[in-house]
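Peer 1: Submitted below is the structure of interest, expressed as structure tokens.
Please treat every number below as a calculation from the coordinates, not as lab data. Note that the structure is a prediction, hence the values are computed from the model and not measured. Heads up, the Cβs are rebuilt from the backbone with ideal geometry, glycines too, and the neighbour counts pull from every protein chain shown.
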Ligand SMILES: Nc1ncnc2c1ncn2[C@@H]1O[C@H](COP(=O)(O)OP(=O)(O)O)[C@@H](O)[C@H]1O
Ligand SMILES: [Mg+2]
């Protein structure tokens, strides 16, 4: 305790006072760390909010169920219920139906409708009515059963829709619009928390009538009797129709979780880079303090301080900067989180699973984690300078004259380890992910940054040596002196270059990756999402196309557009060994006449005819990467009542969802198995003149007139546009993270150069004393900045290209299962890199201005 | 080069020269009402205790600082009221400085250090280079040209600094405690060099020191105490 007291006191005397003597530099470093920490924290918290909302929602929906019986791709027939009811292993069961519905003629968002039998369900899910109802002595769930088209709304939903118990709401679904009477509202708790509170409960019979699902349910939840053995459960499974599957209720939650977590990891890594860049800031300040105070350190040692004491002092300095940065990060994160939660949840909802984060679940773990990460990074950054401080010998206190910065030697010594780090990326990038997480890939990225940063001193000196003599003639003596300074400079100057390299590399690689991604998606959209008008059941998309279009409408649609080709399709949501995917059976022949696929594996020439005939299926890249199934393999699936075996003919790119997609011929499916019906249809006009848009509008109006309340429509153009908009929105987050990393890197330049100026006050004054003008001396600093920026940009660009390759072919492939056609956006790089360079040079201005603050006469004052 | 001209034109002329430092609220007089006339080709030793104002006077004469009040004329330049750029030209062409702690640039070699003032003044490179090499030969640093300052001894560093002070043929050499960081043998060598240079090229040398090494060489001795100047009779 006394030792700690003593340490704290020395720390305050020696380190804290020194930091407060130059508040400007300390503040910039703290701000840099704070930005990095804030980005990191807010990204983590935002994704966590979605994850938490998803899990809570799933948990409330799953309730107490131990097993769930489902029909892959379809509905569980109610005929299974008697089997379950009489089986000795089953203690309780409850059929459940869920869907999204939308208030009719209202701008309100869709919400979640649960259909249950209120009596059977009581053992499974908790829900409680608002007090008001019970007071009147009625039994609301009894009313729910007795009175058709009644429902119970959650309180927030009732408030949003402006109804109270006894009021009426009209709801849209695939079979049209129907009015419901609101019986009561739910107390917040249990089921009422599903989907962030956007939920309503209705009786199963009402639900079935409303959606047209007579005799079918989504699933049947089961609770077994105590001491039920595995054999008994197996026996139950064999007693059920063969096509039924029994799953643990966590299956859907686990796959959703895995997807969100992969996304969280990616964003975390991306945001961590800002923190990593901030690390360079801490390093530069602590290292420069340690170097500039060498004599003080020697004096401390001479007075009896142990090397360990000096080591701890500088480590504590790093920790203090980290702590201060984290504290400043708290309000910053608050600002960022507000924005991020919205964008992140929208991205997750479109790409993976629907989430409704209602409140910010401030997880203590996430806060602790970000605190730990920030502190760790800051202390790590201080480690090397602290080691160097340890090595100061007491006898240096008696030496006079300046020491030469230990430049060339260390710089060259770093080249080999640097090359080693960079070279290690190759084998790492070939390794598989661990548990679906591209850990070797991330390690490769880290090593890449470290390698290039270690190379920075050597490159800087090389550039100084190479250019200094020539520049003396062309650009004058300041350029020459700057070059001389760099050619023998230590590793410390290179630090801001390391930060810049990292930020530029990140920038270049993301520009390349996002561009490649977008171009590929554009190509895919044009090919695979071709069509002039897309029609599906009402709320088809949000309900994942589960409800087929009624027969009579199908017949009507076919008659409506004689001048258009029709491609019918049906989508099934299935699982292959736990991995969720979508099977799309579609009118292949007509589709291939107008659209197509973006091929990855297999020869289109030979495959297309076979695909048309229905000899096999195409699988998406994601599906192939996740399941290991590829050309030549066979896909087994249970679809509604049919067991289906499809040879895989080829692999194509698809970016519809994070899950996999399998394409197969609709007509052949009907021949071989059963009539799948239509869950959607697209129209292609044969006459592709300039009036296609008008034709689309005309057809659309006609369909709307006849079946408007039962179908959703979107023009192909609008659909393709919205896909690209969602894409751009998704990457808006990335762009912000990127921008912040660049800001932190610019702060790094400001600190490093300012400190270098302060540290060299004496040298710069000497130059003034022997005839250097103010302009020449400012020129030296500006040229130093120019060298730094040049090396940072060139090395950053090279590093960025390697990184982009890792992102496209390793990280994306392993985290999401997809890759893209690699294309470089030279235009964007050509105008943004000079812009970054200018900004970085701009960051040098404070340093340039701080030159000659004191008159050169201070030279004559001996310390 | 400045025409230092007729014998009677003084090289340095100050009247009532005063420099007052204000630190915080209080003010300290570095030098106070100094009247001084120095003729060309003199070798002046300026003595005084630590804190007596020697460095202050030198920094004013070197154009590194500005007087608070009083007149200051060096080689015909009025340093009392001038703009900064003029002072730069003055430093380039009129004075050469030698410091107690050498102040060589650690990132430049010996030769580059010597060349620096010529380069800053945009003098033609080749003649400057020849001159630098001559100076280094004269100072016994021929074999050290490509070395960095960190590889030199104190005496060698100070001789490099002298060569640097001479590269632009200044009319005035100002040396502030040039032997302060040297042992007595090297100290004597440096003093002898400054005297030789005064004899050979006739440039004016002003040495601020509190050692007695230069007493015998001086043509004139001045004493500063508490910022006030007192002339001392010279035996020479
Ligand atoms: N930059 C400065 N700020 C404040 N006081 C100064 C400064 N430079 C010199 N002084 C003061 O002026 C006086 C003369 O100092 P100086 O010229 O350095 O003396 P010397 O060189 O003879 O030791 C001293 O009292 C010193 O403290
Ligand atoms: Mg002095």
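Peer 1: Just to confirm the number: angle between the C-alpha axis of helix A:23-62 and the first principal axis of chain A, 0 to 90 degrees, nearest 10?
Peer 2: Its long axis makes an angle of about 20 degrees.
Peer 1: Evaluate E = 1/(1 + (r/R0)^6) for residue A:335 and residue A:86, where r is the Cβ-Cβ distance and R0 equals 56 Å; express this FRET efficiency to the nearest 0.05.
Peer 2: Details: r = 60 Å, r/R0 = 1.07.
The computed FRET efficiency comes out at 0.40.
Peer 1: How far is it, in nm, from the label point at residue B:184 to the one at residue B:196 when both lie 7 Å from their Cα along the line to the Cβ?
Peer 2: With each label point 7 Å from Cα toward Cβ, the separation is 2.2 nm.
Peer 1: Here's a follow-up. In peptide A:470-482, how many Cβ atoms from other protein chains are near each Cβ within 10 Å, on average?
Peer 2: Working: counts 0, 0, 2, 1, 0, 0, 3, 7, 1, 0, 4, 7, 1.
Mean inter-chain Cβ contacts per residue within 10 Å come to 2.
Peer 1: Could you list A:458, A:666, A:826 so that the one with the fewest beta carbons within 10 Å of its beta carbon is first and the one with the most is last?
Peer 2: Numbers: A:458 20, A:666 25, A:826 11.
Final ranking by Cβ density, sparse to dense: A:826, A:458, A:666.
Peer 1: After finding the eigenvalues of the alpha carbon gyration tensor for the stretch A:508-566, what semi-axes result from the square roots of 5 times each, listed largest first in whole Å?
Peer 2: Working: eigenvalues 242, 51, 7 Å².
Sorted largest first and rounded, they come to 35, 16, 6 Å.
Peer 1: Please work out whether the stretch A:266-334 counts as rounded, prolate or oblate from its C-alpha gyration tensor, where a ≥ b ≥ c are the square roots of the eigenvalues and a/c under 1.5 means rounded, while otherwise a/b larger than b/c means prolate and anything else oblate?
Peer 2: Numbers: a/c = 3.24, a/b = 2.57, b/c = 1.26.
Here the stretch A:266-334 falls in the prolate category.
Peer 1: Where does each of A:793, A:147 land when they are ranked from fewest to most other beta-carbon atoms within 10 angstrom? Write out the running numbers ahead of the final one.
Peer 2: Working: A:793 23, A:147 12.
Starting with the residue having the fewest Cβ neighbours, the order is A:147, A:793.
Peer 1: If you don't mind, another one. Return, ordered by residue number, the residues of the stretch A:830-855 whose backbone nitrogen is under 14 Å from a label point located 7 Å along Cα→Cβ of residue A:774.
Peer 2: Hits in the stretch A:830-855 for residue A:774 at 14 Å: A:848-855.
Peer 1: Can you grab the distance from the C-alpha centre of the stretch A:791-855 to the C-alpha centre of the stretch A:230-251, Å, no decimals?
Peer 2: 55
Peer 1: Efficiency by 1/(1 + (r/R0)^6): what FRET value for residue A:559 and residue A:367, r their Cβ-Cβ distance, R0 = 60 Å, to the nearest 0.05?
Peer 2: On the way: r = 62 Å, r/R0 = 1.03.
Efficiency, from the Cβ-Cβ distance: 0.45.
Peer 1: Between residue A:78 and residue A:155, what FRET efficiency comes out of the Förster formula 1/(1 + (r/R0)^6) with R0 = 35 Å and r the beta carbon distance, rounded to 0.05?
Peer 2: On the way: r = 32 Å, r/R0 = 0.92.
Calculated value: 0.60.
Peer 1: Expressed as an acute angle from 0 to 90° and rounded to the nearest 10, what is the orientation of the C-alpha long axis of helix A:439-475 relative to the principal long axis of chain A?
Peer 2: So the helix axis and the longest Cα principal axis differ by about 40 degrees.
Peer 1: Grab every C-alpha pair in the stretch B:140-212, bin the distances at 10 angstrom width from 0 up to the longest one, and report whole percents.
Peer 2: 18, 53, 28, 1
Peer 1: So what's the projected area for the stretch A:64-248, the Cα convex hull averaged over all directions, in nm²?
Peer 2: Numbers: hull surface 43.5 nm².
For the Cα atoms of the stretch A:64-248, the hull's average projected area reads 10.9 nm².
Peer 1: In which sequence would B:157, A:459, A:279 go, from the one with the fewest C-beta neighbours within 10 Å to the one with the most? Display every interim value, and only then the final one.
Peer 2: Numbers: B:157 26, A:459 22, A:279 29.
Starting with the residue having the fewest Cβ neighbours, the order is A:459, B:157, A:279.
Peer 1: Provide, in order from the shortest bin, the percent of all Cα-Cα pairs of the stretch A:539-709 in each 5 Å bin, continuing until the bin that contains the maximum pair distance.
Peer 2: 1, 8, 16, 20, 19, 15, 10, 6, 3, 0
Peer 1: How much space per residue, in cubic angstrom, does the convex hull of the C-alpha atoms of chain B take up? Working shown, then result.
Peer 2: Details: hull volume 31.1 nm³, N = 236.
Roughly 132 Å³ of hull volume per residue.
Peer 1: Starting from the eigenvalues of the Cα gyration tensor, five times each then square-rooted, give me the equivalent ellipsoid semi-axes of chain A, largest first, whole Å. List each step's numbers first, then the result.
Peer 2: Working: eigenvalues 774, 209, 116 Å².
Over the Cα atoms of chain A, the semi-axes work out to 62, 32, 24 Å.
Peer 1: Give the distance, in whole Å, between the Cα centre of the stretch A:409-448 and the Cα centre of the stretch A:24-70.
Peer 2: 28
Peer 1: Quick one: angle between helix A:408-430 and the longest Cα principal axis of chain A, in degrees between 0 and 90, rounded to 10, please.
Peer 2: 10
Peer 1: Okay, moving on. If you build the Cα gyration tensor of the stretch A:636-697 and take the root of 5 times each eigenvalue, what three semi-axes come out, in whole angstrom, biggest first?
Peer 2: Numbers: eigenvalues 184, 57, 27 Å².
Output for the stretch A:636-697: semi-axes of 30, 17, 12 Å.
Peer 1: Using a 10 Å cut-off around each Cβ of peptide B:99-111, what is the average number of partner chain Cβ atoms that fall inside?
Peer 2: Numbers: counts 6, 4, 8, 4, 11, 4, 11, 10, 15, 6, 2, 0, 0.
Other-chain Cβ atoms within 10 Å of each residue's Cβ, averaged: 6.
Peer 1: Given points 7 Å out from each Cα along the Cα-Cβ axis, report the residue A:22 to residue A:599 separation in nanometres with one decimal.
Peer 2: 6.3
Peer 1: Treat each spin label as a single point 7 Å out from the Cα along the C-beta direction, and report the residue A:393 to residue A:718 distance in nm.
Peer 2: Going from the residue A:393 label point to the residue A:718 one covers 8.1 nm.
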